[in-house]
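After the structure tokens below, expect a handful of questions from me.
Here, each number is a calculation from the coordinates, and none is a lab measurement. None of the values given here were measured: they were computed from a predicted structure. With ideal geometry, Cβ positions are generated from the backbone for all residues, glycine too; neighbour counts draw on all protein chains shown.
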Amino acid sequence: MNRRFSAVTEAGAGHRYAHDKWSVREVLGHLCDAERIFAYRLLRIARADATPLEGFDENTYVPAGAFDNRALGDLIADWTATRSATIALVRGLPADAWARRGTANGKPVTATALAYIILGHVEHHLGVLHDRYGV
């Protein structure tokens, strides 16, 4: 991820491809927020917690995160720490945890599915960063 952003300047990190779209910084901040939430869901379900987990509205989280007020390097460090924590969680799950089921955002989901959701969500946004932002 660090390499991907190596050519992005602080000014470039504020770029939006349309006036109503997130900036590069906001996309990166959103990735951190969403990964934390998805990993929390994974943890709860993998630990056999059957409590239904609420959804979240990324369109309220991003402005509240004030990501455009942060340095790009700080957001990259935040992302690196967030991803490292998710990797540690996944590596530490016992084999039987992967099949456990729960409810997140009103829908049934397994721990395995959440791991794929985490990866797919990041890949989606990396594609958007590449295609729409040139990052």
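Let me check the size of the range 12-133 from its C-alpha atoms; what are the radius of gyration and Dmax in Å?
When restricted to Cα atoms, the range 12-133 yields Rg and Dmax of 15.3, 46 Å.
Moving to a separate point now. Looking only at the range 2-45, which residues have a backbone nitrogen under 14 Å from a spot 7 Å from the Cα of R132 in the C-beta direction?
From the range 2-45, the list is 15-31.
I'd like the distance separating the alpha-carbon centroids of the range 101-135 and the range 26-72, in whole Å.
11
Of G55, G120, G92, which is the most mobile in a GNM of the chain whose springs link Cα atoms less than 10 angstrom apart?
Between G55, G120, G92, it is G92 that shows the largest mean-square fluctuation.
Next question. Pairs of alpha-carbon atoms within less than 8 angstrom and 6+ residues apart define the contacts here; what relative contact order does the chain have, in percent? Please report the intermediate quantities before stating the final value.
On the way: 140 pairs, mean separation 47.3, N = 135.
The value is 35 percent.
Helix 111-133 versus the longest principal axis of the chain: what is the Cα-based angle in degrees, 0 to 90, to the nearest 10?
Rounded to the nearest ten degrees, it is 10.
Another question about this same structure. To the nearest 10 degrees, how steep is helix 24-46 against the longest Cα principal axis of the chain, on a 0 to 90 scale?
10
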